Amino acid sequence: MPVLLAGGTASIPADLTAVILGPMFLPALDPAGPPDATSVLVRVGTAGVAIRSGAPPEGAVFVGALDGRQCWAVDDAEAGPDTGALDLRRLWSEVDESTWAAAGRAVQLVEWARTHRFCGRCGASTHEVPGLRAKRCPRCGLEAFPRLSPAVICLVEREDGTALLARGPQFAARSYSCLAGFVEPGESLEEAVTREVREEVAIEVTAIRYFASQPWPFPHSLMIGFNAHWLSGEIEVDGTEITEAAWFSARKLPGLPPAISIARSLIDDWLARVGR
Ligand SMILES: [Zn+2]
């Protein structure tokens, strides 16, 4: 089955989700009962994330219910390095999908708490707003909500069954992926797809269709995946974000992005449709 992380289960009836995916993660603002000594603790330190069990310490942030247990995020930045801590990307291959989703949310909430301790307008210390995932400034009233940066990612296909894959300067050797970029203020998701593809490879696209989305906690993105069709233009890379791009057929593929990514889900979906 294609990897559609956390929230990619929209097409599966809710009562079947637990059967198919195993443990369930339900994000929530507050726990259903008092803090529980058998909670799942996501300890977010400087060296990565460690999944532990126990009672949430003072200052822990509720993440949600993980397989029926309370799940809390703990900011471990002040503590010594946890020898069992793993980078979130490495954690992905060590835990089930729901636990990884909870860990990703925990990292985002801790990151938000760390970077919103003071009001961005007047500099006063902020405090939590009861009943809301928000921080409010007691002096000027400014409210800050968890930071999310939406980014579109798109697989562009041509009539001949090929798909456009590209690589940037920071990519692993010989590895290609879909085109992606952050959404600009004032722009729709479809406009962001059109602009990103045009800017990065000078191609015009049409038939932009939503595929799926994926929380991407590096550190606070939301990836929104699309399919699109080539309309016109020849590939001309921008030379900065994208250094190489080409039309690939299913029979001659480059290195592909890891299974953790929605990029890989887009590519696997295309490969399934073109009959690889
Ligand atoms: Zn303020």
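Read-outs: derived from the displayed coordinates by stated rules, not from any lab. These numbers come from a predicted model, not from an experiment. With ideal geometry, Cβ positions are generated from the backbone for all residues, glycine too; neighbour counts draw on all protein chains shown.
Given 0.36 nm per residue, what is the gain on full extension from Arg52 to Asp67 after removing their alpha carbon distance, in nm?
Fully extending the segment from Arg52 to Asp67 adds 4.0 nm.
Take the Cβ-Cβ distance between Asp238 and Asp30 as r, set R0 to 51 Å, and report the resulting FRET efficiency rounded to the nearest 0.05.
Using R0 = 51 Å, I get an efficiency of 0.65.
Need one number: % antiparallel among DSSP beta bridges in the chain, to the nearest 5.
75 percent
Helix-derived [θ] at 222 nm for the chain: sum -39500 (n - 2.57) over DSSP H runs of at least 4, divide by residue count, nearest 500?
The helix contribution divided over the chain gives -6000 deg cm²/dmol.
Taking the Cβ of Pro27 as the center, what net charge do the other residues with Cβ under 12 Å away carry, scoring Lys and Arg +1 and Asp and Glu -1?
+1
With θ set to phi - 60° and the Karplus curve 6.51 cos²θ - 1.76 cosθ + 1.60, what are the ³J(HN,Hα) couplings of the range 35-45 in order, to the nearest whole Hz, using x for Gly and Pro?
Listing the rounded values in order: x, 10, 5, 9, 5, 7, 10, 9, 8, 9, x Hz.
Please figure out what share of the DSSP beta bridges in the range 149-273 is antiparallel and state it in percent, rounded to the nearest 5.
70 percent
For the chain, set up a Gaussian network in which alpha carbons nearer than 10 Å are linked by springs, and say which option among Pro138, Pro146, Pro257 fluctuates the most.
Result for the chain, Cα springs under 10 Å: Pro138 fluctuates most.
Looking at the range 27-151 only, what percent of DSSP beta bridges run antiparallel? Nearest 5 please.
80 percent
For the chain, take the longest principal axis of its alpha carbons; what is the angle in degrees between that and the long axis of helix 97-115, to the nearest 10 within 0 to 90?
Rounded to the nearest ten degrees, it is 70.
What translational diffusion coefficient, to the nearest whole µm²/s, does the range 14-115 have by Stokes-Einstein, given a Kirkwood radius computed over alpha-carbon pairs, a temperature of 10 °C and 1.306 mPa s viscosity?
116 µm²/s
Below 11 angstrom from the Cβ of Ile203, what's the summed charge of the other residues (Lys, Arg +1; Asp, Glu -1)?
Net charge in that neighbourhood comes out at -4.
Taking 22 Å as R0, compute the FRET efficiency from the Cβ-Cβ separation of Arg195 and Ser175 and round it to 0.05.
The computed FRET efficiency comes out at 0.35.
Can you give me the distance in nm between label points at Asp160 and Trp247, each placed 7 Å from the Cα along the Cα-to-Cβ direction?
Result for the modelled spin labels: 0.4 nm.
Once the convex hull of the C-alpha atoms of the range 96-159 is built, how many Å³ does it hold per residue, rounded to a whole number?
Measuring per residue, one finds 143 Å³ for the Cα hull of the range 96-159.
Mind pulling up the Rg/Rh value for the chain? Radius of gyration and Kirkwood radius, both on Cα.
Answer for the chain: 1.01.
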